[in-house]
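Asks: I am attaching a structure below and will ask some questions about it afterwards.
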Amino acid sequence: MRDNQERDSEFVDRLVHINRVAKVVKGGRRFGFAALVVVGDQKGRVGFGHGKAREVPEAIRKATEQAKRQMIRVPLREARTLHHDVAGRHGAGKVFLRAAPAGTGIIAGGPMRAVFETLGIADIVAKSQGSANPYNMVRATFDALKNLDSPRSVAARRGLKVSEIQGRRRESDVGEQVSA
């Protein structure tokens with residue numbers, strides 16, 4: 001029991017959205033609630049969950065449990081930003097995530113901000129286009145995060161050393177600054 005509580009305490013959860021739905025029955029309306037929750041450890045792991053119940057706390061509990069089961073690991077650069085720019089989509093929702101220099105902060109809309117804060121990203125610039133539905137925005141953000149590659153995985157795939165790939169990135173950064 002105690003180990004389970006300690007494991008749960010390492011996660012930070014953010015309630016993104018609550019939707020109240022009504023079912024019309026003979027005696028009036030029956031209300032139900034749907035909750036969207038994002039859970040992360042602020043060290044590169046994040047997940048989201050969707051729970052439905054007749055009471056708000058029960059819906060949040062179900063969503064949190066689902067989020068903990070569906071966590072993904074995201075490679076971060078210097079434990080504060082992304083390695084490269086990436087786009088994601090889900091339905092009509094499109095998001096663009098850009099790596100940012102130190103001190104930029106999280107520049108993102110509501111549902112995306114919750115994902116980045118629980119993930120542990122400190123510097124990022126994000127833009128959402130299309131759907132403003134929080135469910136679609138969160139799913140599009142997760143689609144983008146799943147498409148991220150770390151230099152280590154790219155080097156392994158190409159049969160190179162990480163320093164060769166990192167060196168190329170720094171050379172291209174210097175070339176852009178000189179031409180600008």
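What follows draws every value from the coordinates through simple rules; no lab data is involved. Computed from a predicted structure; not experimentally measured. Using ideal geometry, Cβ is built from the backbone for each residue, glycine included, and neighbour counts are taken over all protein chains shown.
Asks: Report whether or not Glu65 is surrounded by fewer than 21 Cβ atoms within 10 Å (Cβ to Cβ) and either under 15 Å from Val16 (Cβ atoms) or touching a helix residue (DSSP H, G or I) at 6+ places or on another chain (Cβ under 7 Å) (or both).
Replies: No.
Asks: What residue, of Gly88, Gly93, Gly44, Gly49, is touching a Leu at 6+ places or on another chain (Cβ under 6 Å) and under 15 Å from Phe142 (Cα atoms)? Break it down into steps so the answer makes sense when it comes.
Replies: On the way: Gly88 fails: touching a Leu at 6+ places or on another chain (Cβ under 6 Å); Gly93 fails: touching a Leu at 6+ places or on another chain (Cβ under 6 Å); Gly49 fails: touching a Leu at 6+ places or on another chain (Cβ under 6 Å).
Answer to the selection: Gly44.
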